[in-house]
1. For segment 73-99, how many residues are surrounded by 15 or more Cβ atoms within 10 Å (Cβ to Cβ) and either closer than 20 Å to N134 by Cα or within 18 Å of the chain's Cα centre (by Cα) (or both)?
2. Of the residues that sit in segment 49-67 and are surrounded by 13 or more Cβ atoms within 10 Å (Cβ to Cβ) and without any contact (Cβ under 8 Å) to a residue 40 or more places away in the chain, which one is nearest to A169 (Cα to Cα)?
3. Is it true that some residue in segment 104-112 is in contact (Cβ under 8 Å) with a residue 24 or more places away in the chain, in a loop (DSSP other than H, G, I, E, B) and closer than 19 Å to N134 by Cβ?
4. How many residues are of a type in the set (S, T, Y), in contact with a Phe, Trp or Tyr (Cβ under 9 Å, 6 or more places away or on another chain) and over 18 Å from Q153 (Cβ atoms) if we restrict to segment 67-123?
5. Scan segment 27-48 and give yes if some residue there is outside any strand (DSSP E or B), out of contact with any Pro (no Cβ under 8 Å at 6 or more places or on another chain) and free of Cβ contacts under 8 Å to residues at least 12 places away in the same chain, otherwise no.
6. Is it the case that segment 74-82 has a residue that's within 25 Å of D177 (Cβ to Cβ), touching a residue at least 60 places away in the same chain (Cβ under 8 Å) and either in a loop (DSSP other than H, G, I, E, B) or in contact with a helix residue (DSSP H, G or I) (Cβ under 9 Å, 6 or more places away or on another chain) (or both)?
7. Restricting segment 141-180 to residues that are under 22 Å from E78 (Cβ atoms) and small (G, A, S), which is modelled with the highest pLDDT?
Amino acid sequence: MVKIARKLGVSIIICLFMLSATVLAAGKVIDEDFSCQGVMLGDSESVLQSKWGEPLYDKTAVKQGVTIKTYVYKNGYEASVSPKTGKVVDFVVDMEKYEARDGVRKGATKYWLEKVYGKQQRQYIEGNCYLIFNRPGFPHQHLMLLIDPEDGQLRELKITALPVNDAEAEAMEAEGDPLLREDEGRDNNAMLSIDTSALPQDKEVRWGGLRR
């Protein structure tokens, strides 16, 4: 009887240890979350071209107060590069097709998002509700999840190294980030306006290709 109790106790301890290890391993962003189809934020334009191939076309515009060159691909994806640094700074994906790590895709539940990425405080931008995660060691690289404010389900996903607001832009300038300099001509209203190259110049464009 004592031996059985001991074995049972050991089994319970092992199960608890395995459970705690699983909990610790879950709910955390990793480098992979800041990449798209094999290309990481900060990779060179040559890496983008080698992985994604020839785009349908490209366009140059100001997005989030930063001048970027955007490559548009036939699968509906977009990748933007900074002309100043030659590095990838932004991705836009087609949420009807895109699937991130661990099966995260459009409609993913609040529970599943927390299980994969961890808990995060909600932020509101232009009236939209986001969970914004920063890449470890790269505070200005973001995984932005646009969620339904009622049920927390994922609506859109964005991967970007562009500033999300004026405060971050000013911090990046103060740090000497080459993406943002005082000669960019940024103002408060420009931070949430993007890519006007294909539209009349007197119309505002929604931020980051987050479709509604």
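1. Result for segment 73-99: 16.
2. Per the stated criteria, the residue is D58.
3. yes
4. Adding up the residues that qualify gives 4.
5. Yes, some residue in segment 27-48 is outside any strand (DSSP E or B), out of contact with any Pro (no Cβ under 8 Å at 6 or more places or on another chain) and free of Cβ contacts under 8 Å to residues at least 12 places away in the same chain.
6. Yes, segment 74-82 contains at least one residue that is within 25 Å of D177 (Cβ to Cβ), touching a residue at least 60 places away in the same chain (Cβ under 8 Å) and either in a loop (DSSP other than H, G, I, E, B) or in contact with a helix residue (DSSP H, G or I) (Cβ under 9 Å, 6 or more places away or on another chain) (or both).
7. A161
The values are calculated or read from the model by the stated rules, or taken from the named source; none is laboratory data. Remember, it's a predicted structure, so these values are computed and weren't measured experimentally. Backbone-built Cβ (ideal geometry, glycine too); neighbour counts: all protein chains shown.
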